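For reference, the structure is listed below as structure tokens.
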Amino acid sequence: MTTWLEAPRDEDVAGPLARRFEEAWGTAPAGVWAAPGRVNVIGEHTDYNGGLCLPMALPHRTYAAVRARDDDRVRVRSAQEDEGWEGTLAEVGPGRPKGWAAYPLGVLWALSEKGFHIPGLDVLVDGRVPLGSGLSSSAALECSVAVAVRDLVDGVGALPLTELAQVCVTAENVVAGASTGGMDQATSLRAEPGHAMLLDCRDFGVEQVPWRVGEQGYELLVIDTRAPHALVDGQYAARRRACEDAAGVLGVETLREVDATALDDQLARLDDETVRRRVRHVVTEIERVRQFADALAAGDTDAAGALMLASHVSLRDDYEVSCAELDTAVEAAEQAGAVGARMTGGGFGGSAVALVREADAAGVADGVAEAFAARGFAAPQFLTATPSGPAARVV
Ligand code: ADP
Ligand code: MG
């Protein structure tokens, strides 16, 4: 028995959410906006190194019913959390408030820091991206609020999407206090249906890569291990610091500038064995993203799958951000016939992604679920990742 998390239809979420908004606060929302979570197909821990990654938006989204108020009160509530928050933006700043409300409030704060006059707002959210599964429910939450404010507050609509994404990154880094490199927010705001997004994190330039994965008889299967990813314990920050320090030693601004064809010479300049492995992951991973995009263009699914497996091995052995559940998911998927599989997101839990023939998808999910049961892990859940569209108003 496997559990599948289907993406709901907009109307099945937006209507009830608007009604709950009205029940709670006595007036209808001005509208309902939705922003997708994402799955990164390849290119992990490259974003903060100015590198390349290839995410796509999920059909699973976070919905936000929003109304602008005549005063400066801000109220936020979530269908996924008992505690709401009420106050004014004067109470919001770096590291405050604590808790989930920091994400939506951070967006408002970051916009006001840019000089926009943000009025009072009522915000009720319902997130259909699993929380804390490495599928970026945090960016989906930020971006759902960001596009609502863009439509409701004068002047914000003139911000280019790259800057609106940066506002969401600031919200997460500064107010919520979580490190994030910018891939998640860029994807949630800029993805296109039927495409993976080749994102260059040096300048956040985007190349949309057509990927009619279903028409080719394949499917991207997301395996949510349900092992909570705990990057907060400093592992993410430690990796990031190691990369920055290594770039300093190598005399480059970011590891993106390291010449992959002369990698061994560059690695020889680093004293520490662990740092050498970290750098090797980042530089080879950026190359794999390029090769993966080429493989997609050539319709070479087997090559794409092999690159996913190589990415996983590099993340497991060189970057050391995998865990038993992720390794089990990848191995079991491979044994059950996946063309390729890898951990996705920051690691230490969260999700894996597998490229499978459509006809094999159920069998691969069964194989992974059985392997989890055999090891005594919590039952995983499965999502089908159809390349989906960006954050937008739905009602
Ligand atoms: P991920 O982005 O991979 O899902 P994060 O740890 O970055 O994991 O973000 C998860 C956090 O974002 C949650 O713990 C919660 O604080 C917040 N969050 C995301 N979606 C919602 C939601 N719908 N309602 C309330 N909080 C949410
Ligand atoms: Mg997140």
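What follows is calculated from the coordinates using simple rules that are stated; it is not laboratory data. Note that this is a predicted model, so its numbers are computed, not measured. Note that we place each Cβ from the backbone using ideal geometry, even for glycine, and neighbour counts take in every protein chain shown.
Quickly work out the residue 19-to-residue 287 label distance, labels modelled 7 Å from Cα along the C-beta direction, and quote it in nm with one decimal.
Distance between label points: 5.7 nm.
Could you run the Debye sum over the Cα atoms of segment 212-385, one equal point scatterer each and no solvent, and tell me log10 of I(q)/I(0) at q = 0.09, 0.15, 0.17 Å⁻¹, two decimals?
With one equal scatterer per Cα and no solvent, log10 I(q)/I(0) is -0.34, -0.87, -1.04.
When the dipole is taken about the Cα centre of the chain, and only Lys, Arg (+1) and Asp, Glu (-1) are charged at their Cβ, what size is it in debye, to the nearest 20?
For this selection, approximately 580 debye.
Projected onto the charge dipole of the chain (+1 at Lys/Arg Cβ, -1 at Asp/Glu Cβ, origin at the Cα centre), which of 309, 8, 352 gives the Cα projection farthest towards the positive end?
It is 8, whose Cα lies furthest towards the positive end.
Enter the per residue convex hull volume of segment 51-94, computed from alpha-carbon coordinates, in Å³ rounded to the nearest integer.
Roughly 171 Å³ of hull volume per residue.
What is the sum of charges around residue 175, taking Lys and Arg as +1, Asp and Glu as -1, for the other residues whose C-beta is under 15 Å from the C-beta of residue 175?
It works out to a net charge of -1.
Cα axis of helix 301-313 to longest principal axis of the chain: angle in degrees, 0 to 90, nearest 10?
Once rounded, one gets 90 degrees.
Please sort 76-89, 134-147 by packing, taking for each peptide the average over its residues of neighbouring beta carbons within 10 angstrom, highest first.
Descending packing order for the listed peptides: 134-147, 76-89.
What percent antiparallel are the DSSP beta bridges of the chain, to the nearest 5?
Rounded to the nearest five, the antiparallel share is 85 percent.
Relative to the compact globular guide of 2.2 N^0.38 Å, what is the alpha carbon radius of gyration of the chain, as a ratio?
Rg over 2.2 N^0.38 Å, computed on Cα atoms: 0.97.
Take the Cβ-Cβ distance between residue 235 and residue 70 as r, set R0 to 45 Å, and report the resulting FRET efficiency rounded to the nearest 0.05.
Step by step, r from the Cβ atoms, then E = 0.50.
Let's test this: bin the Cα-Cα distances of segment 3-208 at 5 Å from zero up to the farthest pair and state each bin's percent.
So the P(r) values, bin by bin, are 1, 8, 17, 21, 21, 16, 10, 5, 1, 0.
At 222 nm, what value in deg cm²/dmol follows for the chain if DSSP H runs of at least 4 each add -39500 (n - 2.57) and the sum is divided by all its residues, to the nearest 500?
Per the formula, -12000 deg cm²/dmol.
Summing Lys, Arg as +1 and Asp, Glu as -1, what charge do residues with Cβ under 12 Å from the Cβ of residue 15 carry, residue 15 excluded?
Cβ neighbours under 12 Å give a net charge of -2.
Hull surface divided by four, with the convex hull built on the Cα atoms of segment 72-112: how many nm²?
Taking a quarter of the hull surface, the average projection is 2.7 nm².
So what's the angle, to the nearest 10 degrees on a 0 to 90 scale, between helix 235-250 and the longest Cα principal axis of the chain?
Tilt of helix 235-250: around 60 degrees.
What translational D, rounded to a whole number of µm²/s, comes out for segment 282-395 from Stokes-Einstein when the hydrodynamic radius is the Kirkwood one over Cα pairs, at 4 °C and 1.567 mPa s?
87
Please give the helix 10-25 orientation as an angle from the longest Cα principal axis of the chain, in degrees from 0 to 90, rounded to the nearest 10.
The two axes meet at around 40 degrees.
Sort 106-113, 289-296, 238-245 by packing, meaning the average of other beta carbons within 10 Å per residue, with the highest value first.
106-113, 289-296, 238-245
Any number yet on Rg/Rh for segment 80-142, C-alpha, Kirkwood?
0.96
Suppose the chain between residue 327 and residue 374 were pulled fully straight at 0.36 nm per residue; how much longer would it get relative to their current alpha carbon spacing?
15.5 nm
Over its Cα atoms, what ratio of radius of gyration to 2.2 N^0.38 Å does segment 193-295 give?
1.32
Viscosity 1.306 mPa s, temperature 10 °C: what is the translational diffusion coefficient of segment 125-197 from Stokes-Einstein with a Kirkwood Rh over Cα pairs, rounded to a whole number of µm²/s?
Using the Kirkwood radius from Cα pairs, D works out to 125 µm²/s.
In a solvent-free Debye calculation with one equal scatterer on each Cα, what is log10 I(q)/I(0) for segment 154-241 at q = 0.12, 0.14, 0.26 Å⁻¹, listed in the order of the q values?
Calculated log10 I(q)/I(0) at the listed q: -0.54, -0.71, -1.25.
Can you tell me the length gained on complete extension of the stretch residue 151 to residue 91, counting 0.36 nm per residue apart and subtracting the Cα distance?
Separation in residues times 0.36 nm, less the Cα-Cα distance, equals 19.2 nm.
What is the distance, in nm, between label points placed 7 Å from the Cα along the Cα-to-Cβ direction at residue 297 and at residue 79?
Inter-label distance under the simple model: 4.1 nm.
Taking the Cα centre as origin and putting +1 on Lys and Arg beta-carbons and -1 on Asp and Glu beta-carbons, what dipole magnitude results for segment 3-208, to the nearest 20 debye?
The dipole magnitude comes to about 80 debye.
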